[in-house]
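Everything on this sheet refers to the single structure shown next.
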Amino acid sequence: MKNVPNDKIQDIMVVENLQDIRLIFSKKHNMILKLVMEKEMSISDIARALNINPGSVHYHLKELEKRGFVKQVREEIKGGIVKKYYRSAAKRILLDSPDFNKMDDIRVDRPEGFVARLIESIEYLGYHLPPENREDAEELLSRYDKRINDMLIEIQGSGLENFVDDGMVIRRVSQMILMMRAKEDPELNRVYSEFNKLFIKYE
C-alpha cells in the first residue's frame, strides 16, 4: 500500500464558478461525486456501484479531479496492478450564485437531458406533469431557460463591476434586478401562465 501526499479533506467547499456548477449538475459527475463523498473508492468500485463502464468513470472522475472536486488519497499495488482510491475534496459542497464579475460565456448548449432533469426537479418540488403535456413542457422550459440566459447576459454586460468591486454586492444586486425584470418581462409572464396550465400542483 502506498499513501499519496494529499491536503486534508475540507469540511465545506463553496462553489460559485458557473462552469463548475454545470459540471456538478451533470448526471454522471453528480453520481460519482456523491459516492466519493461517503467514502474513498477506486474506479472499479465506482463502476460496480453505478453499473457503468470503468472507462466512463475514469473520464468523469478526471474531470472532477481537474476542477478540484475530488482527489486521490492513496494507492494499492496488487499483482502488479496499481489501484488508486479517490475521495471528495470536501465533506460538503455548497453552491453559491455565479460570480457575474468572472462569468465565462454562458451562451452554451445545455447538456443532454438538461430539460428532462428540470422537469424531474419540478415534479420533486410538488408539481405533477401529465404525460400528454410533456412535449409542450419541454418546449416551455427551453424558452424559459433561453430568456433567463439572455437577461443574465444583459446584466453581465452592464459594467456594474466597474462601479463596485464587492463580489457579494454584485451577486445580490444582480439577483434582485433579474427578479424585478423577470416580473415585468412579457415572455416570462407568458411562460409562467403556460406553466400553470401544464403542471398540476399537488395539494
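Side notes on the structure shown:
- Qualifying residues in the range 114-146 (those that are over 19 Å from L23 (Cα atoms) and among the acidic types (D, E)) - the one surrounded by the fewest Cβ atoms within 10 Å (Cβ to Cβ): E132
- Taken over the range 27-41, the residue count meeting the criterion of being surrounded by fewer than 20 Cβ atoms within 10 Å (Cβ to Cβ) and in contact (Cβ under 8 Å) with a residue 24 or more places away in the chain is 5.
- K66 vs. criteria more than 30 Å from L140 (Cα to Cα) and at pLDDT 85 or above: yes
- Conditions (1) part of a helix (DSSP H, G or I); (2) without any contact (Cβ under 8 Å) to a residue 60 or more places away in the chain; (3) among the hydroxyl-bearing types (S, T, Y): number failed by S158: (1)
- So S121, is it over 30 Å from D166 (Cα atoms), within 16 Å of the chain's Cα centre (by Cα) and at pLDDT 90 or above: yes
- Any hit, the range 39-55, residues being closer than 24 Å to S121 by Cα, part of a loop (DSSP other than H, G, I, E, B) and over 17 Å from the mean Cα position of the chain (by Cα): yes
- Top-ranked residue in the range 146-202 [being of a type in the set (A, V, I, L, M) and modelled with pLDDT under 85; ranked as nearest to the chain's Cα centre (by Cα)]: L152
The values are calculated or read from the model by the stated rules, or taken from the named source; none is laboratory data. Note that this is a predicted model, so its numbers are computed, not measured. Heads up, the Cβs are rebuilt from the backbone with ideal geometry, glycines too, and the neighbour counts pull from every protein chain shown.
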